[in-house]
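Heads up: the structure comes next, in structure tokens.
The values are calculated or read from the model by the stated rules, or taken from the named source; none is laboratory data. Given the structure is predicted, the values throughout are model-derived calculations rather than measurements. All Cβ positions, even for glycine, are placed from backbone atoms using ideal geometry, and neighbour counts span all protein chains on display.
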Amino acid sequence: MNVVHAVVPGRPAPVCLPESLVDESMKITAGPDVISRLPLLSPSSPPDTALPAPFHYVHEQGSGKELLQEEMDIDSRTLNELLITGWIQARPGLLPRKTGYRCRRCGNSRRNRFGVVSCARCGRDCAYCRHCVQMGRICACSILYSWTATPVYSKAEEPVLQWQGTLSPGQQRASRAVVQAVENKSELLVWAVCGAGKTEVLFEGIARALDLGSRILIAAPRTDVVLELAPRLQAAFPNVAAAALYGSSEDKQKPAQLILSTTHQAMRFTDAFDTVIIDEVDAFPYSADESLVYAVTKAARPDAALIRLTATPPSSLKRQVTKKQLPCVRIPRRYHGLASAGSPFSVGCRVETAASERPPSCSRGEMVLQAAE
Ligand SMILES: [Zn+2]
Ligand SMILES: [Zn+2]
């Protein structure tokens with residue numbers, strides 16, 4: 001399928017449209033050609049008008065995502081109408097580079113991870129990304145569709161957080177740091193040894209983000225982690241529209257403000273989340289696959305709060321903490337079944353000894369990591 005760049009009456013800048021949609025009221029500025037051969041357009045702004053009510057549901061389903069047409073729950077006629085009116089924009093799936101391409105979905109630009117297929121859609125030998133092909137093939141002629149407007153979330157029924165448990169003093173300090181990161185849209189590393197109860201530490205921060213009308217992504221490395229976390233989040237936030245995304249998930253079309261996703265599934269999002277929490281940032285495959293880091297970064301808005309959780313931080317993050325580039329809060333092990341109490345929490349201050357280096361009788365508490373390498 002060939003596309004054009006065209007100036008549409010009432011729209012300030014040229015937009016990308018399938019050639020078949022062009023009529024005499026439009027002025028073509030580039031094309032027709034395969035989308036990845038045309039110059040790259042800036043992202044479109046949404047129209048000044050209100051989105052017509054019949055489209056509210058599909059907007060909530062699709063906003064913040066970049067999808068192939070076959071991944072959208074929308075018929076061609078509606079898609080075309082939304083393209084012409086500017087609610088949806090068309091962008092290339094593969095971005096041309098000096099040599100080869102970069103896949104917009106997974107960030108892959110290694111030449112050996114692209115293949116060539118005799119393409120029924122454009123009738124040519126068409127390059128495609130092999131790296132993310134299991135999510136649906138993206139070729140040089142593939143279009144990724146995205147909504148130009150972000151949804152406004154109505155307040156969930158109070159109380160939003162219905163978890164009744166109690167946090168240990170260490171968890172409380174970490175919880176306050178998470179809330180602070182959410183409010184300031186800053187970065188935070190939560191270093192919690194296994195069994196320290198790191199999920200509960202997130203609850204107040206998630207509640208605050210929901211209160212601010214933010215959209216939240218909790219990215220986990222693997223499906224089993226998503227399946228383990230999903231019922232706990234659902235129980236803590238029963239009135240919030242939430243979705244759990246993994247390979248065979250049935251929630252993929254579900255409109256949701258709170259999204260729990262494998263890092264793989266996060267590839268379908270772009271510029272979508274105000275708060276991003278990455279669980280087990282040290283774990284495979286996230287730690288070993290640069291495209292998953294790309295995916296989570298792409299899914300976040302440029303000014304999003306970024307909170308990473310880990311039991312064993314990778315050395316790159318430890319270095320950032322040591323250089324005071326990354327605030328970090330540590331939740332130590334609970335000795336004898338009791339959370340240890342201790343020093344006041346503050347982000348990015350003095351060096352303290354790592355908990356693992358202390359004898360079990362030690363009662364010193366939560367530490368701010370500065371140099372535990
Ligand atoms: Zn093609
Ligand atoms: Zn790809």
Could you tell me which numbered condition Val116 fails, if it satisfies all but one of (1) surrounded by fewer than 17 Cβ atoms within 10 Å (Cβ to Cβ); (2) in contact with a helix residue (DSSP H, G or I) (Cβ under 6 Å, 6 or more places away or on another chain)?
(2)
The condition from (1) outside the structural domain of Arg301 (by TED's automatic domain parsing); (2) in contact (Cβ under 8 Å) with a residue 40 or more places away in the chain that Gln164 misses is numbered (2)
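Residues to consider are Ala127, Ala156, Ala90, Ala120; find the one that is closer than 30 Å to Gly10 by Cβ, of a type in the set (A, V, I, L, M) and not in a helix (DSSP H, G or I).
Numbers: Ala127 fails: closer than 30 Å to Gly10 by Cβ; Ala156 fails: closer than 30 Å to Gly10 by Cβ; Ala120 fails: closer than 30 Å to Gly10 by Cβ.
Only one candidate qualifies: Ala90.
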Restricting attention to segment 272-297, which residues are charged (D, E, K, R) and at pLDDT 95 or above?
Asp274
Residues in segment 133-158 that are touching a residue at least 60 places away in the same chain (Cβ under 8 Å), within 16 Å of ligand 1 (Cβ to nearest atom) and crowded, with 20+ Cβ neighbours inside 10 Å total 6
Does Ile84 qualify as being at pLDDT below 95 and assigned to a loop (DSSP other than H, G, I, E, B)?
no
Output the strands (runs of 3 or more DSSP E) that fall wholly within segment 251-335 and possess 1 or more residues being among the basic types (Lys, Arg) and surrounded by fewer than 19 Cβ atoms within 10 Å (Cβ to Cβ), or say none.
300-310
Trp191 passes all but one of (1) out of contact with any helix residue (DSSP H, G or I) (no Cβ under 6 Å at 6 or more places or on another chain); (2) within 16 Å of ligand 1 (Cβ to nearest atom); which number fails?
(2)
Any chance you could count how many residues in segment 109-125 are within 16 Å of ligand 1 (Cβ to nearest atom), free of Cβ contacts under 8 Å to residues at least 24 places away in the same chain and more than 14 Å from Arg97 (Cα to Cα)?
8
If Cys129 satisfies all but one of (1) in contact (Cβ under 8 Å) with a residue 40 or more places away in the chain; (2) within 16 Å of ligand 1 (Cβ to nearest atom), what's the number of the condition it fails?
(1)
From the residues in segment 57-81 that are touching a helix residue (DSSP H, G or I) at 6+ places or on another chain (Cβ under 7 Å) and hydrophobic (A, V, I, L, M, F, W, C), which one is surrounded by the most Cβ atoms within 10 Å (Cβ to Cβ)?
Leu67
If you take the residues in segment 193-244 that are assigned to a loop (DSSP other than H, G, I, E, B) and among the hydrophobic types (A, V, I, L, M, F, W, C), which one is nearest to Gln180 (Cα to Cα)?
Leu212
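Let's see how each residue does on (1) touching a strand residue (DSSP E or B) at 6+ places or on another chain (Cβ under 6 Å); (2) more than 24 Å from Asp271 (Cβ to Cβ); (3) among the small types (Gly, Ala, Ser):
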position: Glu81; (1), (2), (3): no, no, no
position: Ala90; (1), (2), (3): yes, no, yes
position: Cys106; (1), (2), (3): no, no, no
position: Val116; (1), (2), (3): yes, yes, no
position: Arg121; (1), (2), (3): no, yes, no
position: Arg124; (1), (2), (3): no, yes, no
position: Ser154; (1), (2), (3): no, no, yes
position: Gly170; (1), (2), (3): yes, yes, yes
position: Val190; (1), (2), (3): yes, yes, no
Identify, please: which residue in segment 160-184 is at pLDDT 95 or above and in contact with a Ser or Thr (Cβ under 8 Å, 6 or more places away or on another chain) and is, among those, nearest to Ala220 (Cα to Cα)?
Val182
Residues in segment 95-105 that are within 8 Å of ligand 2 (Cβ to nearest atom) and out of contact with any Asp or Glu (no Cβ under 9 Å at 6 or more places or on another chain): how many?
1
Out of all the residues in segment 7-56, which are surrounded by 15 or more Cβ atoms within 10 Å (Cβ to Cβ), modelled with pLDDT under 95, of a type in the set (Gly, Ala, Ser) and more than 31 Å from the chain's Cα centre (by Cα)?
Gly31
